[in-house]
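The values are calculated or read from the model by the stated rules, or taken from the named source; none is laboratory data. From a predicted model like this one, the values you see are computed outputs, not experimental measurements. Positions of Cβ are generated from backbone atoms using ideal geometry, with glycine treated the same way; all protein chains shown enter the neighbour counts. Each accessible area value is taken on the protein alone, full model and side chains, heavy atoms only, with ligands, DNA and RNA left out. Shrake-Rupley method; radii C 1.70, N 1.55, O 1.52, S 1.80 Å.
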Amino acid sequence: MNTPNVTMTVRRLGPATCVIDIQGEVSAAAENALMDAYTQAVSAGARDILLNFSQLEYMNSSGIGLLVTLLIRANRHAPRLRLLAMGLSEHYRQIFELTRLNEAIGIFATEAEALAA
Amino acid sequence: MSVTPPNRDAGHWAKPIRKIKVTDVPAGAVNLNVDGQAVVSPLQGFGTLWQKTYQVRLPGVTLSAAEVMRIWRENFPRLQPAGNHFFPPAAGIEPGRVIFIDTTLPVFPGLPGLIPIAAGVVVIYEDDECFTVMTPAGFPECGWNTFSVQVEEGVPVAQVQSLARAADPIYEFGLYVMGGAQKQEGTWQAVLTALAAHFGVAGQVQMHRTCLDPRLQWAEAGNVWHNAALRTILYVLATPLRRLFPPRLKSGPRQP
């Protein structure tokens, strides 16, 4: 597997909300980083996990597959957990629309909007 | 004024597709069950969600991943097993284009396919080392397949990875009781074995399957309305009637 070129940082935004800041490239190589960040957020008691894509530099189809896998995992193991997204550029919004991820993951422009939802 | 630089992956992705619009049908392909359909992801399917990965190593092949991928793409239809016909677009495998498929589904595990199905998939992503196709509504599975090549420790490794679930209850039954899944797995193993043989390698295909979600999504059971196999059977059965009563061509606007 290729070397991951991504950094994922987990931070708390509210009492039950964690943000995963994604910086770099989301491809198959990002699997461990994404799953580790998710586990960290769930362990911190998050009921809402907000994926922050504002520093996303590149995503291929394997990266979208990872997001679907993460969503399925979250739905299966924590049905009340919500996976949200923010900071998507128009290009990445279109990819979410193409792959119909936008029908399963709430998309927001800002953290404040996501918190208010 | 700052200008946002274009994304590096921008040229690799198809644009959002509300309804598939077929613009060219390769010779021999049947344009059925594709045109006008929406694309569907694993989230819109009915059955158990599986991720299946098939890999073959190509020791001794000194080409780059991109070169192996190019050759794979060029020979994609020829590498299919007997009875499985793929019709890539004349313009090549590009984002947004349809690859037509003409195949059969089995009625019992281990037996050859009997139920005809004419369908297709849409290329949603393509770069030098991989491409991904997504299924339309009515296809046996909802999801996508990614075909890729990467070099591991100096050896090219060709891979097919599917992330998909049966589209409706009939297909779920067909896949896991009537032998559809077995045929599908055999197909990709045969494709990778043929690819290895193309490079003069006796390939050993490794397959790994993971059940990501065993639950059935009953809310999606209505997908059966689009079932391409049922529609293909009706299309085939109606062939004599179409010959007897050819459909009238739509008339254009009247000339003054």
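Computed FRET efficiency, Cβ-Cβ of residue A:58 and residue B:177, R0 35 Å: what is it to the nearest 0.05?
E(calc), rounded to 0.05, equals 0.25.
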Spin-label zone in segment A:1-43 - amide nitrogen under 11 Å from a point set 7 Å from the Cα of residue B:206 along the C-beta vector: A:1
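Can you pull the mean other chain C-beta count within 10 Å for peptide A:22-29? Mind showing how you got there, number by number?
Details: counts 0, 0, 0, 2, 1, 2, 6, 0.
Whole-number average of other-chain Cβ neighbours for A:22-29 is 1.
Could you put A:101, B:32 in order of accessible surface area, largest first, with the 1.4 Å probe and the full protein assembly present?
Details: A:101 0, B:32 35 Å².
Of A:101, B:32, the descending order of accessible area is B:32, A:101.
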Distance (nanometres) between label positions extended 7 Å along Cα→Cβ at residue A:40 and residue B:27: 5.8
In Å², nearest 10: area of residue B:12 left accessible to a 1.4 Å probe: 50
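Could I get the Rg over Rh figure for segment B:24-235? Both from C-alpha atoms, Rh via Kirkwood, rounded to two places. Before the final figure, lay out each step's value.
Working: Rg = 16.6 Å, Rh = 17.4 Å.
For segment B:24-235, the value is 0.95.
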Set of segment A:85-107 residues, backbone N closer than 16 Å to the point 7 Å along the Cα-Cβ line of residue A:11: A:86-87
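With +1 assigned to the C-beta of every Lys and Arg and -1 to the C-beta of every Asp and Glu, and no other charges, what is the dipole magnitude of the protein assembly as shown about the Cα centre in debye, to the nearest 20?
Values: 30 positive and 30 negative charges, 273 e Å.
Dipole about the Cα centre, nearest 20: 1320 debye.
Inside 10 Å of the C-beta atoms of A:68-80, what's the mean count of C-beta atoms belonging to other chains? Could the numbers behind the result be given before it?
Working: counts 9, 7, 0, 2, 9, 2, 0, 3, 5, 0, 0, 0, 0.
So the per-residue partner count for this stretch is 3.
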Solvent-accessible surface ranking, highest first, for B:72, B:50 at 1.4 angstrom: B:50, B:72
For segment B:111-256, alpha-carbon Rg over 2.2 N^0.38 Å: 1.36
